[in-house]
Amino acid sequence: MGKPLVSVIINNYNYGHFLAEAINSVLDQTYPRTEIIVVDDGSSDNSREIISSYLNNIIPVFKDNGGQGSAFNAGFEVSTGEIICFLDADDRFLPHKVEEIVRAWQRYPDAVLYYHRMQIIDAQGAIKGRPWPIYLWVGLIRDRVERSGGWWPRPTTSALCFSRPFLERVFPMPEQSFRLCADAYVGDLAPFCGTIVGLPKVLTHYRQHGQNYWGTIVTAKNSGMENKAKQHFFEHQQLKKALSNLGIKTSITIDRHLPYLITTHALENKPSVWKLVPAILSCPAIGYASRLYRLLNLFLRRF
């Protein structure tokens with residue numbers, strides 16, 4: 001197959017202190033046929049000055065603030081690539097990321113989503129923890145996702161690349177519903193629309209720095225758990241709505257959504273372990289040994 005054009009859409013809101021690093025990480029790719037689209041969602045810092053310094057190498061989109069979903073829509077509207085990769089402005093690609101995605105596309109040209117593992121870094125770029133997701137779901141995974149309540153262990157925005165036909169089918173996304181976590185819309189829909197390709201290599205650095213959405217949540221205690229539970233429930237409801245709008249019938253239920261059940265379980269004053277047992281035993285995201293280990297831990301904590 002030929003060499004496809006790859007569109008990289010960088011969405012930015014007040015991340016001027018990370019933005020140049022994100023743009024440079026795409027300019028430094030080993031694969032040459034890329035277009036870089038930088039969408040600034042109404043920043044009030046120096047982001048627009050930084051973007052303007054790259055005008056010879058990027059396609060800038062300056063817009064009023066509308067949230068991440070609107071930035072995704074605006075970037076896709078001006079893109080022309082056969083493959084679309086998203087990048088949050090506080091993250092960075094590793095140099096061979098696009099080349100690896102193109103190889104996967106050449107091998108599986110009819111897939112809808114190509115993703116890979118990420119490595120967490122801190123604000124200064126230091127490595128934190130182990131690469132994730134640990135488990136890679138590949139192929140036609142719709143049945144597994146149905147059994148897990150619509151959830152699957154996918155990475156976040158900067159590790160997601162999509163085929164153009166898939167995005168043309170599901171875009172524009174509802175902007176008011178996805179001012180945050182727009183990756184959930186496309187990432188959760190993909191398994192219901194075609195083949196998923198997962199690469200075991202780390203191709204993106206995902207930055208946690210306390211100012212991004214999940215960075216704020218993980219530093220909180222009960223309020224953070226409440227936010228996570230609400231977010232899981234909201235994304236589940238939005239997925240059902242999006243599938244209905246696309247004419248895709250589904251049987252997903254929230255009582256099989258393991259992350260939602262775990263967070264709500266942790267918030268209960270007198271949590272009932274039995275609520276989690278069916279979801280853990282049937283969860284296709286984890287192996288049998290891991291299921292037993294999790295159940296044992298739950299019972300030990302309870303008793």
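Given the Cα-Cα distance of ALA266 and SER251 and 0.36 nm per residue of separation, how much length would full extension add, in nm?
Details: separation 15, 0.36 × 15 = 5.40 nm, distance 2.60 nm.
Contour length minus Cα-Cα distance gives 2.8 nm.
Given the pairs LYS201/LYS241; LYS128/LYS230; LYS3/LYS249; LYS228/LYS249, which span a C-alpha to C-alpha distance of over 29 angstrom in this model? Don't jump to the answer; show the numbers that get you there.
Details: LYS201/LYS241 33 Å; LYS128/LYS230 27 Å; LYS3/LYS249 36 Å; LYS228/LYS249 27 Å.
Result: LYS201/LYS241; LYS3/LYS249 exceed 29 Å.
In bins 5 Å wide, starting from 0, what share of all Cα pairs of segment 112-205 does each bin hold, as a percent?
Reading the bins upward from 0: 2, 13, 22, 23, 19, 12, 6, 2, 0.
What residues qualify as long-range amide H neighbours of ARG179, i.e. H under 5 Å apart, gap of 5 or more or another chain, H built at 1.01 Å from N?
GLY69
Output ³J(HN,Hα) for segment 182-198: one whole-Hz value per residue in order, computed from phi by the Karplus curve 6.51 cos²θ - 1.76 cosθ + 1.60 with θ = phi - 60°, and x for Gly and Pro.
Each residue's phi maps through the Karplus curve to give 5, 4, 5, 4, 6, x, 7, 6, 3, x, 8, 10, x, 7, 10, 10, x Hz.
Is the shape of segment 6-216 rounded, prolate or oblate, going by the alpha carbon gyration tensor and its root eigenvalues a ≥ b ≥ c, with a/c under 1.5 for rounded and a/b larger than b/c for prolate? Each step should come with its number before you reach the end.
Numbers: a/c = 1.39, a/b = 1.34, b/c = 1.04.
Judged from the Cα gyration tensor, segment 6-216 comes out rounded (a/c under 1.5).
FYI, it's all coordinate maths here, none of it is from the lab. This structure is a prediction, so every number in the text was calculated from the model and none was measured.
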